[in-house]
Each structure stands twice: as C-alpha cells, then as structure tokens.
Amino acid sequence: MSAPVQAAEATLGRQDQAPEELRYGGFLESTEAAARVAADAVVLSADPDAAAANPFYWHQGRPWYLEVVRILAEAGPEPLRHHVEQLQRAPGDAMLHHEVRLGTAAFLRDGPGPARRLLTEALGRVRARSRVGYHPGAGVTAPGPGQNEPEVWPQPPAPRVGAAPDARVTVVIPFRDRDGSHRLRNLQACLSALGDQSLAREDYRVVVVESDASPRWRELIGPQVDEYHFAYNAGPFNKSWAVNVGVVQSRHPSPAVCVLDADALVDRGFLARNLARFARPALGAFMPFQDVLYLDAPSTVRAVRQRCLAGDGAPDQPRLRGFVVHRSPGICVFTRRDVFDAVDGLDERYESWGGEDLDFILRLQTRTAFHGFSDPMLHLHHPVRGDALDATGNTANKRLQPLTWRPVEPLGMVEKYARSARINLPGARIAEDRARPAEVHDGIDDS
C-alpha cells in the first residue's frame with residue numbers, strides 16, 4: 001500500500017463514503033469539477049508558462065499541485081498514472097489533459113475510499129487557495145518542449161494619434177526592452193489596440209515612458225503615441241517611478257488616469273466602457289477585471305492577429321490557451337487624477353518585479369470608493385527571468401511594508417536616476433541623451 005493511502009487509512013479508517021455523500025470540502029461542486037482541477041494541477045506543476053504568469057503566486061501553489069500529482073501517481077490506476085506522467089512531459093497536450101480528467105473522474109467514483117478522500121482534500125485545497133489557474137482553450141494544443149512558435153509574429157498597423165488638450169483620460173504605459181524582442185512587439189500590439197477604440201480619438205491621450213539607459217526605441221515609439229517620455233534609469237526597472245513620470249510630466253493633465261502594462265491587449269470598447277464607469281456616484285478608482293489570462297506564445301500570435309490585423313473588436317478568448325491569475329493586482333487600473341495625487345501615486349521605492357501594484361491598489365482603497373469589474377483582460381506572452389524570486393520564494397521588495405509610502409521629494413522627478421548617476425559615478429561621462437532626464441515626442445512627424 002502506498003504511503004499516501006496508508007496515511008489516509010490511519011486517519012480515516014476503512015469506511016468508504018459514497019460519492020454522492022462527498023461534498024469535496026465545500027469547494028468542489030461535482031466529480032467532474034474535481035477531475036478538471038486534477039488535470040489542471042498536473043499542467044500547473046509542469047508548464048513553465050504557469051510559473052511565468054505570476055512567479056510569487058505559482059510558488060505558493062506549487063506544493064499543492066505536486067501533492068495532487070503525487071497522489072495520482074501513487075494511488076491511481078495504471079492508465080491514469082501513465083497519462084499523468086505524459087501530461088507532465090507535454091503539459092500543452094489537450095488530449096492528454098482530457099484523458100487525465102476522464103481517469104480522475106473514474107477514480108473519484110470507483111477508487112478506494114481513503115485514497116479518494118485524500119485526493120479530494122488535495123483538490124479542494126488547489127481550488128480554494130491557488131491564485132493561478134489553467135485555461136486550456138477550446139481545441140488548442142500548445143507546441144511541445146523545444147518547439148518554436150508556430151506562426152510568424154504579425155506586424156500590427158500603427159495607431160492613430162491626436163489627443164485633444166482637454167482629453168478625458170490619459171493612458172500611461174511604462175516600458176523597457178533592451179533586446180528589441182517580446183516586450184517591444186507586445187507594446188506595438190498594445191498601442192495598435194489602443195488606436196482602434198470606440199471612444200473618440202481626441203478624448204484620450206496615450207503616453208509611453210521609456211525608462212532605460214538610453215532612449216532605444218524613441219524613433220519607433222514616438223510617432224505612435226501622443227507623448228513619449230524618456231526617463232534615464234540604467235538600473236533595475238522601476239515601474240512605479242516611470243508611471244509617476246508619465247502622469248506628472250504629461251503636458252495636458254486629464255481628469256482620469258489609466259495605468260496600463262505594455263503587455264496588455266485591450267478590446268475596442270475598453271476606454272469608452274471604463275471611462276463611463278466614472279459616472280457612478282463617488283467611484284474614485286477601479287480595476288476593470290477580476291482575473292487576467294496570461295496567453296502562451298502561440299495564443300499571443302493568434303490574439304494579435306485577430307485584434308490588430310483582422311479588425312476584430314476582441315480576440316476569441318475561449319479559443320486561446322494560457323494561465324489565469326485570479327484577482328490579479330496588476331496590469332491595469334483606472335483612477336481619477338485627484339485620487340492619484342491624494343495617494344502620492346505609486347511607491348517609487350519598489351524596484352524590479354513585485355509588490356508595487358498591490359501596494360497602489362491598497363492605498364487607493366484607503367482613500368476612495370474602489371471597485372473591481374469583471375471584464376476580460378489579456379496579457380501577451382514574453383519570457384520571464386528566472387530570478388524574480390529569491391530562494392525563499394519572496395520578491396526583491398519583501399523588505400518594503402505596504403501602505404507606508406511617504407515621498408520626501410516631488411513625485412515623478414525625471415532627474416531621479418540621472419542625478420544619482422552623476423553623484424555616484426564622479427567623472428563618468430553620461431551621454432547627452434542620457435543626461436537629459438526626460439524627452440517628449442508629441443507624435444508629430446516634422447519631416
């Protein structure tokens with residue numbers, strides 16, 4: 001008898017409980033739902049894209065996924081064990097995912113009572129506590145390990161520009177890409193989708209803040225946005241500061257601000273729908289979504305083709321594969337400008353990845369009526385560095401306490417890092433375009 005089953009026998013005895021009497025700890029509504037959680041847990045334990053969706057949340061959930069895999073591998077019947085092993089090797093295989101679901105459902109109906117109980121407890125834990133989920137997509141099979149993206153990356157059309165000075169909302173996008181690959185192409189798709197909105201073009205302003213050692217993509221990005229800002233920072237990316245620069249340094253402040261990640265792919269009604277929500281009484285800030293679907297590489301290509309080239313108002317999300325981050329604190333938030341100012345923007349002490357979005361949301365909730373809506377939200381694929389977490393599973397910003405941001409200098413100071421470079425590197429020559437703290441491109445071609 002396997003160790004998990006022995007443990008269950010010792011705890012529960014040998015009394016079998018009828019499947020119809022199992023309530024799955026209150027978190028699993030049916031045998032079929034439990035079987036789906038089991039197959040998803042196998043994928044979550046093995047697919048690198050699951051960890052990339054949110055390294056912190058995935059690290060928290062990994063022991064729960066592995067517990068499910070371990071029970072299936074040790075207590076399940078041979079066909080099920082074989083399919084679990086195969087799915088771990090090819091987590092994008094839709095047929096294997098289906099076979100694990102069928103096998104687990106049969107095991108939950110007909111398997112040994114103690115083993116069923118042990119598995120049900122493990123599945124209930126995944127359902128109740130995991131912040132990362134699997135979205136297989138209808139009829140989608142991802143490429144196997146080592147295979148390349150199956151389609152050539154599409155070139156989205158350049159967006160229109162033309163915000164009026166009294167635009168109703170300013171969209172601020174912080175950005176950095178040092179090798180000109182995934183991040184840059186995601187930004188171009190993001191800008192293309194923003195250029196195709198049902199809201200009148202003069203009613204919204206798009207601002208990109210490139211924060212790097214030099215303005216690498218100024219000539220490419222500048223003509224595609226209403227304002228391009230370069231803000232020198234040769235060190236770890238500081239999203240909070242870049243956002244603050246974009247909001248504070250914009251030449252024409254708007255009554256509403258949308259903070260948007262460069263990897264977001266929005267639908268055609270995105271701005272009109274969300275701007276209209278500010279008509280609700282006392283609403284000062286909100287997130288337009290509950291969950292974010294982080295697309296895998298092939299589905300990213302399909303989504304960009306549908307949204308930016310085919311002219312669809314939104315990609316066909318049920319046919320896209322990826323990983324869902326439940327109640328994600330990042331990627332997009334809308335706020336009134338007066339509320340943004342009241343909370344002193346984003347906390348500029350956060351550098352590198354992790355924590356700044358959650359802190360901002362928490363501070364917004366302390367100062368205004370905050371709401372979360374349930375719109376779909378897509379995140380385009382890009383590789384993720386393996387050092388996002390330390391050995392204990394924490395981010396580099398774990399030392400910072402949320403809700404403690406008290407700036408001691410003006411918000412969004414564009415010379416913040418340029419000044420530090422001059423102080424810390426005496427005698428070093430900073431190139432002219434680096435020493436110039438910020439540069440604005442208004443999107444107009446003067447040639």
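What follows is calculated from the coordinates using simple rules that are stated; it is not laboratory data. Since this is a predicted model, take the numbers as computed values, not measurements. Heads up, the Cβs are rebuilt from the backbone with ideal geometry, glycines too, and the neighbour counts pull from every protein chain shown.
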* Structure fact -> Rounded to the nearest 10 degrees, the helix 55-75 long axis (Cα) sits at an angle to the longest Cα principal axis of the chain of 20 degrees
* Asked: Could you give the distance between the Cα centres of segment 247-276 and segment 308-330, to the whole Å?
  -> 18 Å
* Once both axes come from the Cα atoms, what is the angle between helix 239-249 and the longest principal axis of the chain, in degrees from 0 to 90, rounded to 10? -> 30 degrees
* Would you list the P(r) distribution for the chain, with all Cα-Cα distances sorted into 10 Å bins from 0 and each bin expressed as a whole %? => 4, 20, 27, 23, 15, 8, 3, 0, 0
* To do: May I ask for log10 I(q)/I(0) of segment 162-281 at q = 0.11, 0.12, 0.20 Å⁻¹, from a Debye sum over the Cα atoms as equal point scatterers with solvent left out?
  => -0.34, -0.40, -1.10
* **Contact order normalised by residue count of the chain, Cα under 8 Å, 6+ apart, percent** => 18 percent
* **Acute angle (nearest 10 degrees) that the helix 94-110 long axis makes with the longest principal axis of the chain, alpha-carbon atoms** => 40 degrees
* Calculated FRET value between residue 337 and residue 374, using beta carbons and R₀ = 25 Å, to 0.05 -> 0.50
* To do: Could you grab the relative contact order for segment 171-321? Cα pairs under 8 Å, six or more apart, rounded to a whole percent.
  => 29 percent
* Residue-averaged 222 nm ellipticity for the chain, from DSSP H runs of 4+ at -39500 (n - 2.57), nearest 500 -> -11500 deg cm²/dmol
